[in-house]
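Below is the structure I would like to discuss, written out as structure tokens.
The values are calculated or read from the model by the stated rules, or taken from the named source; none is laboratory data. Because the structure is predicted, anything quoted here is derived from the model rather than measured. Cβ placement follows ideal geometry from the backbone for every residue including glycine, while neighbour counts extend to all protein chains displayed.
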Amino acid sequence: MPDEHRSGLAAKINAGVPHAARIWNYWMGGKDNFDADRAAGDAVAKVYPDIVTMAKQSRRFLIRAVRHLTAEAGVHQFLDIGTGLPTMQNTHEIAQGIRPDARIVYVDNDPLVLVHARALLRNTTPEGVTTYVDADYHEPEQIISDARNVLDFTKPIGVMFMGVLGYVEDFDELLSIVRRVMDAVPSGSYLVLWDSTDTGNAVNEGSAKLAESGAVPYYLRSLEQFTEQFAGLELVEPGVVPIARWRPGTDTDEPIDAYGAVARKP
């Protein structure tokens, strides 16, 4: 990423308005956030303390899902849409740690995320490819067009929407986004998806507090709506479950109001 591009992106960052990627970074213990983000994050955590646990569990779910797809399902390409700020282990680090020639395309249009792209890309393997696409997930066709420059669309691709689709207000539009991306990838590809759900009073109150803070609202879905996103795909065991319960291994986290699943395109 050229220095002039980074400077232009940095100029777009508004530290006074809470932003989703930076709030999540705060909840996960990161340092790439500002006072407005921390205030919004604290307001949510006050009424829904489990949000901090959810943030950390979400990354553990990502790690387990990418490991499974790379090591067991033979997927060596990933399209991580709405990737957010780097924290803990990231998709390319996990996949390339198992398969050094893995190819990863991250998609985001947040200026702060893109400013950090250079640092994140330094640790890609010599054999692999890791790149960023500056795009909005509301524009799946543009994402697919740009991703074709890096990924082989004749071979399986792991498509990832990690906690980002709750920012889409209209549920039909959400389904359209997922289906348009999955329609573009070949048979044998996988959808990895998690989101918060409206399965408790506290999480609903937390969602209201987030909107009150001035941040972009997060629209909680029912469990039935969450499951509908996998229509036409083959769910991998254990199916749709709280993210802490998806192939947890030695993790002992209790389930919270966030569900995830991995599904294969037949």
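Within region 241-253, does at least one residue satisfy the condition of being under 23 Å from PRO18 (Cα atoms) and either charged (D, E, K, R) or buried (at least 21 other Cβ atoms within 10 Å of the Cβ) (or both)?
no
Also, I was wondering about something else. Among what's in region 217-240 and is hydrophobic (A, V, I, L, M, F, W, C) and crowded, with 17+ Cβ neighbours inside 10 Å, pick the residue that is farthest from ASP183 (Cα to Cα). Outline the logic, then answer.
So the first thing to find is which residues in region 217-240 are hydrophobic (A, V, I, L, M, F, W, C), and the list is 220, 223, 226, 230-231, 233, 235-236, 240.
Pick out the ones that are also crowded, with 17+ Cβ neighbours inside 10 Å and you get 220, 226, 230, 233, 236, 240.
Working: LEU220: 25, PHE226: 19, PHE230: 12, LEU233: 11, VAL236: 19, VAL240: 21 Å.
Ranking the qualifying residues of region 217-240, first place goes to LEU220.
Checking PHE78 against (1) modelled with pLDDT of 95 or more; (2) aromatic (Phe, Trp, Tyr); (3) farther than 23 Å from VAL236 by Cβ, which single condition isn't satisfied?
For PHE78, the failing item is (3).
Let me confirm something: among VAL159, VAL150, which residue is in a loop (DSSP other than H, G, I, E, B) and within 28 Å of GLU72 (Cα to Cα)?
Working: VAL159 fails: in a loop (DSSP other than H, G, I, E, B).
Going through VAL159, VAL150 in turn, the sole match is VAL150.
While we're looking at this one, here's another question. Counting only residues that are surrounded by fewer than 22 Cβ atoms within 10 Å (Cβ to Cβ), in a loop (DSSP other than H, G, I, E, B) and without any contact (Cβ under 8 Å) to a residue 40 or more places away in the chain, how many does region 83-112 have?
6
Another question, if that's okay. Does region 171-179 contain any residue that is aromatic (Phe, Trp, Tyr), within 27 Å of GLU228 (Cα to Cα), part of a loop (DSSP other than H, G, I, E, B) and over 17 Å from the mean Cα position of the chain (by Cα)?
To start, the set of residues in region 171-179 that are aromatic (Phe, Trp, Tyr) comprises 171.
Among the residues that remain, those that are also within 27 Å of GLU228 (Cα to Cα) are: 171.
With part of a loop (DSSP other than H, G, I, E, B) added as a condition, the list becomes none.
For region 171-179, residues aromatic (Phe, Trp, Tyr), within 27 Å of GLU228 (Cα to Cα), part of a loop (DSSP other than H, G, I, E, B) and over 17 Å from the mean Cα position of the chain (by Cα): absent.
Right, SER196: in contact with a Leu (Cβ under 9 Å, 6 or more places away or on another chain) and closer than 21 Å to ALA43 by Cβ or not?
Working: in contact with a Leu (Cβ under 9 Å, 6 or more places away or on another chain): yes; closer than 21 Å to ALA43 by Cβ: yes.
Spelling it out, SER196 is indeed in contact with a Leu (Cβ under 9 Å, 6 or more places away or on another chain) and closer than 21 Å to ALA43 by Cβ.
So which residues in region 198-230 are part of a loop (DSSP other than H, G, I, E, B), touching a helix residue (DSSP H, G or I) at 6+ places or on another chain (Cβ under 8 Å) and not β-branched (Val, Ile, Thr)? Show your work before the answer.
Narrowing region 198-230 to residues part of a loop (DSSP other than H, G, I, E, B): 198-200, 213-220, 222, 229-230.
Subsequent filtering for residues that are touching a helix residue (DSSP H, G or I) at 6+ places or on another chain (Cβ under 8 Å) retains 198-199, 213-220, 229.
Once the filter is applied, which keeps residues that are part of a loop (DSSP other than H, G, I, E, B), touching a helix residue (DSSP H, G or I) at 6+ places or on another chain (Cβ under 8 Å) and not β-branched (Val, Ile, Thr), region 198-230 yields ASP198, SER213, GLY214, ALA215, PRO217, TYR218, TYR219, LEU220, GLN229.
Provide a single number: the residues in region 133-162 that are closer than 19 Å to LEU121 by Cα, touching a strand residue (DSSP E or B) at 6+ places or on another chain (Cβ under 7 Å) and charged (D, E, K, R).
Number of matching residues: 1.
Would you please list the contacts, defined by Cβ atoms under 6 Å and residues six or more apart or on different chains, that run from a residue in region 204-232 that is at positive phi to a residue that is part of a helix (DSSP H, G or I) and at pLDDT 90 or above?
Pairs found: none.
Which residue, of ASP32, ASP37, ASP80, is acidic (Asp, Glu) and part of a helix (DSSP H, G or I)? Write out each step before concluding.
Working: ASP32 fails: part of a helix (DSSP H, G or I); ASP80 fails: part of a helix (DSSP H, G or I).
Going through ASP32, ASP37, ASP80 in turn, just one is acidic (Asp, Glu) and part of a helix (DSSP H, G or I): ASP37.
Mind listing whichever residues of region 147-161 are buried (at least 23 other Cβ atoms within 10 Å of the Cβ) and either without any contact (Cβ under 8 Å) to a residue 40 or more places away in the chain or touching an Asp or Glu at 6+ places or on another chain (Cβ under 7 Å) (or both)?
Listed by number, the list holds a single entry, MET160.
Which one is modelled with the lowest pLDDT, of the residues in region 106-126 that are closer than 18 Å to PHE161 by Cβ and out of contact with any Ser or Thr (no Cβ under 6 Å at 6 or more places or on another chain)? Spell out the reasoning first.
Taking region 106-126 as the starting set, the residues that turn out to be closer than 18 Å to PHE161 by Cβ are 106-110, 113.
Among the residues that remain, those that are also out of contact with any Ser or Thr (no Cβ under 6 Å at 6 or more places or on another chain) are: 107, 109-110, 113.
On the way: VAL107: 92, ASN109: 83, ASP110: 78, VAL113: 75.
Only one residue fits best here, namely VAL113.
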